[in-house]
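Written out below as structure tokens is the structure these notes cover.
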Amino acid sequence: MYKKIALSTALLLCLLSGCFGPKPEEEVYAVFEDAVKQEKTLFEEAKALTALEQKNAQLYDSILQGGQEDSDQVKGTVEQALQGLKERTNILAKEQTALEKARSKMKEADQHIRKIEDKKLRKQAEKVVSLYEERFTAFVHMHEAYGKALASEEKLYGMLQTKTEKLKTITDQVQEVNRLYADMQTNNEAFNRLTQQYNQEKVRFYKQANFRIEEKIK
């Protein structure tokens, strides 16, 4: 199932000059940190999503055990699961919006990066931006896969509510749900891996630019 999204490392930075100056690397720093602020809401969204997933796992198992039993208990459980699906879909939309805003901020870095005189430092800044783009693409793929999994799970619940649905059809749908969630998890792992790389390279850029930093991982 979907795990808590690994988000950008929280950084407490202090420029050696004590304030922002006209240097392009300092402008790049400002852009990078603005992008972090845009992603801040993802921490809370990730917590809410994790809680919903844990609840859904219990409901899902209960529904499969109940099968097509025509009972108020099974119907009530399906209704709870469907409500959870809607809530998770809404959270996905919010996450997508937050990442798109952060990406929009990151695009502002290019105009400052090309002004950096130190070629090594400029190359490092370009690497950070490139990794961010890869990370964003991985995030989009993960959300697309998650959306498909949710739609497939909703279809399964519809089948279980239909007394005439064949057992084989339901079994095939269960397998499809599991397959799609596995695909989503693979994309999630790719996103987390790229997030870690992006954070590492960003810290490397800050150090190369002689910014004094204190790293705190949330």
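The values are calculated or read from the model by the stated rules, or taken from the named source; none is laboratory data. For clarity, every value in this text was computed on a predicted model and none was experimentally measured. Ideal geometry is used to build each Cβ from the backbone, glycine not excepted, and the neighbour counts take in all protein chains shown. Surface areas here come from the heavy atoms of the whole protein model, side chains and all, with no ligands, DNA or RNA. Shrake-Rupley method; radii C 1.70, N 1.55, O 1.52, S 1.80 Å.
Determine whether residue 153 is open to solvent by 40 Å² or more (accessible area, probe 1.4 Å), at pLDDT below 95 and in a helix (DSSP H, G or I). Here the answer is no, as residue 153 does not meet what is asked. When the residues of the stretch 113-132 are filtered to those that are of a type outside the set (S, T, N, Q), loosely packed, with under 15 Cβ neighbours inside 10 Å and part of a helix (DSSP H, G or I), the one that is nearest to the chain's Cα centre (by Cα) is 123.
Annotation: residue 65 fulfils all but one of (1) in contact (Cβ under 8 Å) with a residue 12 or more places away in the chain; (2) open to solvent by 60 Å² or more (accessible area, probe 1.4 Å); the unmet one is (1).
Return yes or no: is residue 51 hydrophobic (A, V, I, L, M, F, W, C), closer than 15 Å to residue 202 by Cβ and either without any contact (Cβ under 8 Å) to a residue 24 or more places away in the chain or in contact with a helix residue (DSSP H, G or I) (Cβ under 7 Å, 6 or more places away or on another chain) (or both)? For residue 51, the condition - hydrophobic (A, V, I, L, M, F, W, C), closer than 15 Å to residue 202 by Cβ and either without any contact (Cβ under 8 Å) to a residue 24 or more places away in the chain or in contact with a helix residue (DSSP H, G or I) (Cβ under 7 Å, 6 or more places away or on another chain) (or both) - is not met.
Please go through the stretch 172-214 and give me each residue that is within 25 Å of residue 143 (Cα to Cα), basic (Lys, Arg) and either free of Cβ contacts under 8 Å to residues at least 40 places away in the same chain or surrounded by fewer than 16 Cβ atoms within 10 Å (Cβ to Cβ) (or both), ordered by number. The answer is 179, 193. Using the structure shown, decide if residue 100 is in contact (Cβ under 8 Å) with a residue 40 or more places away in the chain, of a type in the set (Asp, Glu) and either under 26 Å from residue 205 (Cα atoms) or surrounded by 19 or more Cβ atoms within 10 Å (Cβ to Cβ) (or both). Taking the combined requirement at face value, the residue does not satisfy it.
Exactly one residue among 43, 32 is open to solvent by 30 Å² or more (accessible area, probe 1.4 Å) and within 25 Å of the chain's Cα centre (by Cα), and that residue is 43.
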